[in-house]
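S.K.: Please see the structure below; I have some questions.
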Amino acid sequence: MSEPIHIAVDTKFIGKQRKAQQDVFVFSYTVSITNLSETPMTLKSRYWLITNGDGEKVEVSGDGVVGEQPTIAPNQTYQYTSASVMKTEVGNMQGHYTFELENEQTYQANIPIFRLATPHALH
């Protein structure tokens with residue numbers, strides 16, 4: 001069986017800010033989640049592993065995304081935008097979403113690793 005969920009991520013560097021005597025780098029990411037199955041799926045929770053350029057790792061988990069637990073109908077796409085703050089110019093994110101199907105079964109969809117980088121940080 002092919003994967004019932006397709007996940008695509010688009011990232012954007014927002015800018016550099018000064019916080020607590022240190023520069024931090026702000027990135028936005030827009031996630032598009034497409035339900036390729038024949039049944040509605042409700043996004044119940046998320047898990048992120050965020051790794052900065054120094055190798056520091058932060059884990060984030062919680063209910064839904066951006067305060068919502070959307071139900072995605074078959075052949076429909078749900079899209080949201082969120083942000084991440086890093087101490088380095090380059091880092092990456094990966095993780096998974098947990099979905100609940102109509103029959104109360106759950107499905108875990110892996111979020112492919114994606115890079116957050118300031119312009120010209122990578123050659």
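The values are calculated or read from the model by the stated rules, or taken from the named source; none is laboratory data. In this text, all values refer to a predicted model and were calculated from it rather than measured experimentally. So basically every Cβ, Gly included, is an ideal-geometry build from the backbone, and we count neighbours across all protein chains shown.
S.K.: Kindly list, by first and then second residue, each pair from a residue in the stretch 84-112 that is within 25 Å of GLU56 (Cβ to Cβ) to a residue that is in a strand (DSSP E or B) and of a type in the set (Gly, Ala, Ser), limited to pairs with Cβ atoms under 6 Å and residues at least 6 apart or on different chains.
M.R.: Going by the 6 Å Cβ cut-off, the qualifying pairs are VAL90/ALA117; TYR97/ALA109; ILE111/GLY95.
S.K.: Shifting gears a bit: Go through the stretch 97-111 residue by residue and tally those that are surrounded by 16 or more Cβ atoms within 10 Å (Cβ to Cβ) and either within 12 Å of the chain's Cα centre (by Cα) or in a loop (DSSP other than H, G, I, E, B) (or both).
M.R.: Residues meeting the conditions: 3.
S.K.: Considering only the stretch 67-87, state which residues are farther than 14 Å from LYS44 by Cβ, assigned to a loop (DSSP other than H, G, I, E, B) and modelled with pLDDT of 95 or more. First the steps, then the outcome.
M.R.: Keep residues of the stretch 67-87 that are farther than 14 Å from LYS44 by Cβ, which gives 73-77, 79-87.
Those still in the list that are assigned to a loop (DSSP other than H, G, I, E, B) too: 73-76, 87.
Hits for the stretch 67-87 are ALA73, PRO74, ASN75, GLN76.
S.K.: From the list GLN76, GLN22, pick out the single residue that is surrounded by fewer than 17 Cβ atoms within 10 Å (Cβ to Cβ) and either among the small types (Gly, Ala, Ser) or in contact with a strand residue (DSSP E or B) (Cβ under 7 Å, 6 or more places away or on another chain) (or both). Step through it out loud before you land on a result.
M.R.: On the way: GLN22 fails: either among the small types (Gly, Ala, Ser) or in contact with a strand residue (DSSP E or B) (Cβ under 7 Å, 6 or more places away or on another chain) (or both).
Going through GLN76, GLN22 in turn, just one is surrounded by fewer than 17 Cβ atoms within 10 Å (Cβ to Cβ) and either among the small types (Gly, Ala, Ser) or in contact with a strand residue (DSSP E or B) (Cβ under 7 Å, 6 or more places away or on another chain) (or both): GLN76.
S.K.: Just to verify a result, which residue in the stretch 1-40, among those that are in contact (Cβ under 8 Å) with a residue 24 or more places away in the chain and assigned to a loop (DSSP other than H, G, I, E, B), is nearest to THR77 (Cα to Cα)?
M.R.: Only one residue tops the list, namely LEU36.
S.K.: Being within 15 Å of VAL24 (Cα to Cα) and touching a residue at least 24 places away in the same chain (Cβ under 8 Å): is that true of GLY53 here?
M.R.: Yes: the conditions hold for GLY53.
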